[in-house]
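The next block holds one structure in the form of structure tokens; read it before the comments.
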Amino acid sequence: MAATAHVDTFARDRLPPPDQQPEYLFELPGLQFPERLNCASALLRAALARGWGSRACIVAPGGLRWTYADLQDRADRIAHVLVRELGLVPGNRVLLRAPNNPMMAACWFAVVQAGGIAVATMPLLRAKELGQVIAKAEVSHALCDLALADELAAAAAQHPVLRHVRHFNDAGPDGLEAAMARHDGPFTDVDTAADDTCLIAFTSGTTGQPKGTVHFHRDVMAICACWPPHMLRPVADDVFIGSPPLAFTFGLGGLLLFPMAVGASTVLLEKASPPALLDAIPAHGATVLFTAPTSYRVMAAEAGKRRLSAAHGGTLRKCVSAGEALPAATRALWALHTGLELIDGIGATELLHIFISADEDHARPGATGTVVPGYRACVLGEDGQPLPPGQIGRLAVKGPTGCRYLADARQAQYVQGGWNLTGDAYVQDEDGYFHYCSRTDDMIVSAGYNIAAPEVEEALLQHPAVAECAVIGLPDEERGQIVKAFVVLHAGHVGDEATTRALQEFVKQAIAPYKYPRAVSYLAHLPRTETGKVQRFKLKTAQEGTP
Ligand code: 3UK
């Protein structure tokens, strides 16, 4: 390891032991990193050096438009405030809390420039969850949007380790903006080691204590060098837009790092529900969209009517789906209405971003794609050895990024034999395409048959009455488990016995009959995380039969 620039070595001291870390690959020419590297300098300060200073960088509703020079100016001022007024030293953890907006982005760069560690948090987190993050990462500083101040204040009251809180988007005399006005002139970015930590991302875990994943400056540059140039191929005139929070690494990469790596601009939306996205795409001339499968499904028909895609006279030319498996039905629906083939990609907080994907020319319905250059992937059997094509096993990945849980025994589950095990059951085909089956713990075993929930969901989604659905295994004395479907119906359909029988019959016609849902419940909407994932554990524990 190169000499750390961190004065506070908290993160380095809590890395998993070397023998529990994954193997790292740096084979691509774009992954030859210097010993000293600050990713904020490499992405933002370097953008000015490249002459991009007057290019649009961050755009927001209401006419806000920051150039790269504007963003650098804001980030420099905030970095001065952190260091001179709030006593930040390199290695301190700084909690960030805001919806996706320009100041959130400026704060992220400020923290990283100053050698701090950004701990971005999901806007919907409550005091209790914020408290877990503050305690685990021993957060000393927080920069928080005034609109989200309350839950953080409640958490801070319980956790004295958090000593300095400043609010932004705050016009008051104690706000961050007032402090920024006191500091002018460029900030000298801290000359961090490439393997100094710059961010800790907490997993959107479904149960138990959240896990903090530790990422280095070089990891941020690595994700910019792998998936975007090989699979997305953005250009400097692209306008990025989308829904994932910047606190979710899908959003951090897709809506901040990747546009900036090529001199493009990004539209940051505080609210990015499907109706809001449908309005914002034409309003900002967006060309690259990042959102979750369910959002594509909801938007498809309307996106067609509004002729959003470039092929229909609009601007949209690339659409990325991640966070959950993309049903073939959703891919087909989006293509039907927009003429655009979705770019699917599986990523994980542990690996920072996408490692298996396919561009629009190589997409195959039902497959996530092939391994992203820079990474290696295989499917492992029970014995930990790679399986031949056609056999289901555990997805294993390695590359320039990988899992390092902050002081967490669960490291030994995610990383085994140098491979990152994502917890997904996958099968590889003869052409090297990886097909998602289910989360390994969501495989349903009914009367001795293995049934992957997404396959049943996929079949149900083909039925015209079904808007959304989620399938789980329900304990059953006779069969071990039975397949149970939770269905959200389109308006105008009734969830009665006749519908249930029709759906069951429909599934039996589409896939092997033993996979049909023996139980069906109807819901107004599915429980989801802020990152767009169905919360199956909530469905499993939900009262049987409640609507
Ligand atoms: C699932 C997918 C099938 C899969 C993420 C892009 O989702 C992200 O990170 P998380 O840590 O969750 C990881 C898990 O989510 N998953 C994600 N994408 C897909 N399953 N097809 C997909 N395309 O179970 C994976 O193990 O929340 C996604 C970029 C950065 C991310 N952090």
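The values are calculated or read from the model by the stated rules, or taken from the named source; none is laboratory data. Quick caveat: nothing in here was measured; it's all calculated off a predicted structure. As a convention, Cβ positions derive from the backbone with ideal geometry for all residues, glycine included, and neighbour counts pool all protein chains shown. Surface areas here come from the heavy atoms of the whole protein model, side chains and all, with no ligands, DNA or RNA. Shrake-Rupley method; radii C 1.70, N 1.55, O 1.52, S 1.80 Å.
Tabulated results
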quantity: Top-ranked residue of the stretch 149-208 - restricted to ones that are more than 16 Å from LEU96 (Cα to Cα) and of a type in the set (Asp, Glu), ranked as least open to solvent (accessible area, probe 1.4 Å); calculated: ASP196
quantity: Residue check for ALA348: closer than 24 Å to THR531 by Cα, open to solvent by less than 50 Å² (accessible area, probe 1.4 Å), more than 10 Å from the ligand (Cβ to nearest atom) and not basic (Lys, Arg); calculated: no
quantity: Test: residue in the stretch 38-45 that is open to solvent by 50 Å² or more (accessible area, probe 1.4 Å), under 27 Å from LEU152 (Cβ atoms) and either assigned to a loop (DSSP other than H, G, I, E, B) or in contact (Cβ under 8 Å) with a residue 40 or more places away in the chain (or both); calculated: no
quantity: Sole residue being among the charged types (D, E, K, R) and part of a helix (DSSP H, G or I), chosen from ARG218, ARG182; calculated: ARG218
quantity: Lone unmet requirement of (1) out of contact with any Leu (no Cβ under 7 Å at 6 or more places or on another chain); (2) open to solvent by less than 20 Å² (accessible area, probe 1.4 Å) for LEU342; calculated: (1)
quantity: Residue selected from the stretch 281-294 under the condition within 20 Å of GLY314 (Cα to Cα) and open to solvent by less than 10 Å² (accessible area, probe 1.4 Å), by the criterion nearest to the ligand (Cβ to nearest atom); calculated: PHE290
quantity: VAL415 at pLDDT 95 or above and out of contact with any strand residue (DSSP E or B) (no Cβ under 6 Å at 6 or more places or on another chain); calculated: yes
quantity: Failed item in (1) away from the ligand (no atom under 14 Å from the Cβ); (2) out of contact with any strand residue (DSSP E or B) (no Cβ under 9 Å at 6 or more places or on another chain); (3) of a type outside the set (Ser, Thr, Tyr), with GLU360 passing the rest; calculated: (2)
quantity: Residue match in the stretch 346-357 (condition: assigned to a loop (DSSP other than H, G, I, E, B) and over 18 Å from the mean Cα position of the chain (by Cα)); calculated: no
quantity: Residue within the stretch 313-328 that is more than 11 Å from the ligand (Cβ to nearest atom), open to solvent by less than 50 Å² (accessible area, probe 1.4 Å) and in a helix (DSSP H, G or I) present; calculated: yes
quantity: In the stretch 405-428, residue surrounded by the fewest Cβ atoms within 10 Å (Cβ to Cβ) [restricted to those that are away from the ligand (no atom under 14 Å from the Cβ) and not in a strand (DSSP E or B)]; calculated: ALA409
quantity: Residues that are in contact with a strand residue (DSSP E or B) (Cβ under 6 Å, 6 or more places away or on another chain), open to solvent by 10 Å² or more (accessible area, probe 1.4 Å) and hydrophobic (A, V, I, L, M, F, W, C), drawn from the stretch 119-148; calculated: ALA120, LEU146, LEU148
quantity: Residue count, the stretch 209-223 (criterion: open to solvent by 20 Å² or more (accessible area, probe 1.4 Å) and either farther than 19 Å from ARG404 by Cα or within 12 Å of the ligand (Cβ to nearest atom) (or both)); calculated: 2
quantity: Every residue from the stretch 295-312 that is away from the ligand (no atom under 15 Å from the Cβ) and open to solvent by less than 40 Å² (accessible area, probe 1.4 Å); calculated: MET299, ALA300, ALA303, GLY304, LEU308, SER309
quantity: Residues (more than 16 Å from the ligand (Cβ to nearest atom) and either open to solvent by less than 30 Å² (accessible area, probe 1.4 Å) or not in a loop (DSSP other than H, G, I, E, B) (or both)) located in the stretch 231-265; calculated: ASP238, VAL239, ILE241, MET260, GLY263, ALA264, SER265
quantity: Residues of the stretch 22-31 that turn out to be in contact with a helix residue (DSSP H, G or I) (Cβ under 8 Å, 6 or more places away or on another chain) and more than 17 Å from HIS217 (Cα to Cα), as a count; calculated: 1
quantity: Single residue of the stretch 333-345 satisfying the filter (in a loop (DSSP other than H, G, I, E, B) and touching a Ser or Thr at 6+ places or on another chain (Cβ under 8 Å)) that is nearest to the ligand (Cβ to nearest atom); calculated: LEU342
quantity: Residues satisfying the stated conditions in the stretch 429-450, i.e. open to solvent by 30 Å² or more (accessible area, probe 1.4 Å), more than 10 Å from the ligand (Cβ to nearest atom) and of a type in the set (Val, Ile, Thr); calculated: VAL445
quantity: Filter pass, LEU146 being touching a His at 6+ places or on another chain (Cβ under 9 Å) and farther than 25 Å from PRO90 by Cα; calculated: yes
